[in-house]
Amino acid sequence: MKLPGFIDSHLHVLGLGYVSYNVDLTEIKSIEELKEKLDKFKDRGIIIGRGWNQENFTEKRMITKCDLNEISKDIPIVMTRVCGHVLTVNEKMLELAGIDKFTQQVSGGSFSYETGIFTEHALGLIYDKMPLPTEADLVKYLLTADKILIENGITSVASDDFAIFPLPYEQIINTIKKLYEQNLLHIKITEQVNLGYKRLKDFISKGYVNKSFGKYRMGPLKILVDGSLGGKTAKLSQPYEGEPSNTGIATYTDDELFDLVYLADSNGMDVVIHAIGDAASLQAIKALMNSLEITKRKDHHHAIIHAQLTNLEQIAMMKEWNIGAIVQPIFLNSDIQIIESRIGSRQKESYLFKTMYDIGLTVGFSTDAPIEPVNPFLNIYSAMTRTSIKNPDLGVFLEKEKFEYDEALECYYKNNLRFIYQDLLSSDDYIIVDRPFSGSESLLKMKVVKTVIDGETVFDAMKE
């Protein structure tokens, strides 16, 4: 069966490839199992892992410095949570990063010397001290991601790549350009430009705004204003259940956020903002509104990424100001088991993706890979069933928010065109799948057998 090539409106191409070479922790069920697995990688100069989730552990707690010290006190160890907003390190990594109990906290983030746990902006204290990838490494990661994407029927993406490593953004641009020039990279990439204020001014001054390099174009500014629900760093208007002093982390003040948004908006550059908590959503929407009141832009493509706890009042504000929503139904696969424990009765006004669609927002589907699998059929299944694939016994979460199949395809195709700056789907980009759609359960088995981009077959399962 033939389908258009899928568009994923928010993921991390470079990160997807990089994580493929880390120690995969996504299936780890206990801290003891994690220790056993990491013990096998002690021949490495540094052990880097990604994908752990304390909700999947029998211990139901975060990994700590003490846990990692039991593996090694001589080899630096960095273990990033599945959300990418929390990590834990051992004593050796703290030493290499020059962090002790007297080190000052970081604005927009937090860390604990005692536990070795870092969140949000504080992650940079660790990442900035890790070995930087070589040019050959970057090429390897990008080509690995390209292979994963085309095998899953993804032909176009909006991707956040500048913040994966503390490298000059132009190095990332030039590496990707070279791969296209050598016909080694197949997917079409719209860059979600993740830069702080000073680097964004440099980006603008050099004429990069909306600039295209063939299949690679510069897209919107990408900003993160809070963290994740699973890591309890999403910024809430009310405290997390059972934690009266914890409302999450806001990574910017209102003034800082407005200045960044306005710098982009006033230079004709769109803005997409990662906001998961309801307080974060409100802050993001207000910053966009305040900027638009000055710039008067009518043709903007501003959007909120994730919008998991965006409430009905905020959705109405987004509609009024033509702010889109880039959402990830596949997040329910992991989040159904934690929503009530995080926000209690407030869960009834969360993950309102169908409500956003019905009210007329431009709702685009994405996976945020490598946070969740990039497989579009699993994402559509989650949108249609509102259940967890790995924990189906947890039941349906807010049945009224279910999508129909054709509605989900619209969010992957027509609506996502807005977020990659295209008007029409390319007839020369298509995929062949191994079976027709015959109900939501068929999506769990559906496989891509051929992917064609610009008329060229870039993946053929029969020839692999």
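What follows draws every value from the coordinates through simple rules; no lab data is involved. This is a predicted model, so every value here is computed, not measured. Note that each Cβ is placed from the backbone with ideal geometry, even for glycine, and that neighbours are counted across all protein chains shown.
Values for this structure:
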{"quantity": "R0 of 25 Å, Cβ-Cβ distance ASP454-LYS414: FRET efficiency to nearest 0.05", "calculated": "0.80"}
{"quantity": "Full-extension gain in nm, ARG44 to GLU59, via 0.36 nm per residue minus C-alpha separation", "calculated": "2.7 nm"}
{"quantity": "DSSP-loop trypsin sites (Lys or Arg not before Pro) across segment 172-267, with at most 16 other Cβ within 10 angstrom", "calculated": "LYS206, LYS211"}
{"quantity": "Dimensions in Å of segment 218-326 - Rg and Dmax from alpha carbons", "calculated": "13.5, 44"}
{"quantity": "C-alpha center-to-center spacing [segment 118-147, segment 268-334] in angstrom", "calculated": "28"}
{"quantity": "With eigenvalues of the C-alpha gyration tensor scaled by 5 and rooted, segment 374-464, Å", "calculated": "26, 18, 10"}
{"quantity": "Translational diffusion of segment 16-127, µm² s⁻¹ [Kirkwood Rh, Cα pairs; Stokes-Einstein; 4 °C; 1.567 mPa s]", "calculated": "93"}
{"quantity": "Karplus-derived HN-Hα couplings along segment 445-454 (A = 6.51, B = -1.76, C = 1.60, θ = phi - 60°), whole Hz, x at Gly and Pro", "calculated": "10, 5, 10, 7, 10, 7, 10, 10, 10, 6"}
{"quantity": "Mean Cβ count within 10 Å, highest first, over the residues of peptides 259-268, 91-100", "calculated": "259-268, 91-100"}
{"quantity": "Projected label distance in nm at LYS390 and THR26, using a 7 Å step from Cα toward the beta-carbon", "calculated": "0.8"}
{"quantity": "Aspartates and glutamates with Cα under 16 Å of LYS92, excluding same-chain neighbours fewer than 8 positions away", "calculated": "ASP39, ASP43, ASP67, GLU70, ASP74, ASP100, GLU114, ASP128"}
{"quantity": "Per-peptide average of other Cβ atoms within 10 Å, ordering 406-415, 289-298 highest first", "calculated": "406-415, 289-298"}
{"quantity": "Sum of -39500 (n - 2.57) over DSSP H runs of 4+, divided by residues of the chain (222 nm, nearest 500)", "calculated": "-9000 deg cm²/dmol"}
{"quantity": "Separation in nanometres of the label points that stand 7 Å from Cα toward Cβ, at LEU184 and LYS2", "calculated": "3.3"}
{"quantity": "Antiparallel bridges, percent of DSSP beta bridges restricted to segment 323-458 (to nearest 5)", "calculated": "65"}
{"quantity": "Computed label-point distance, nm, for sites SER427 and GLU70 using a 7 Å Cα→Cβ extension", "calculated": "6.3"}
{"quantity": "Members of LYS286/LYS400; LYS177/LYS215; LYS188/LYS354; LYS390/LYS445 lying beyond 18 Å, as alpha-carbon distances in this model show", "calculated": "LYS286/LYS400; LYS188/LYS354"}
{"quantity": "Cβ-derived FRET efficiency at R0 56 Å, SER442 paired with LYS177, nearest 0.05", "calculated": "0.90"}
{"quantity": "Cα gyration tensor shape for the chain, rounded if a/c is under 1.5, else prolate or oblate", "calculated": "rounded"}
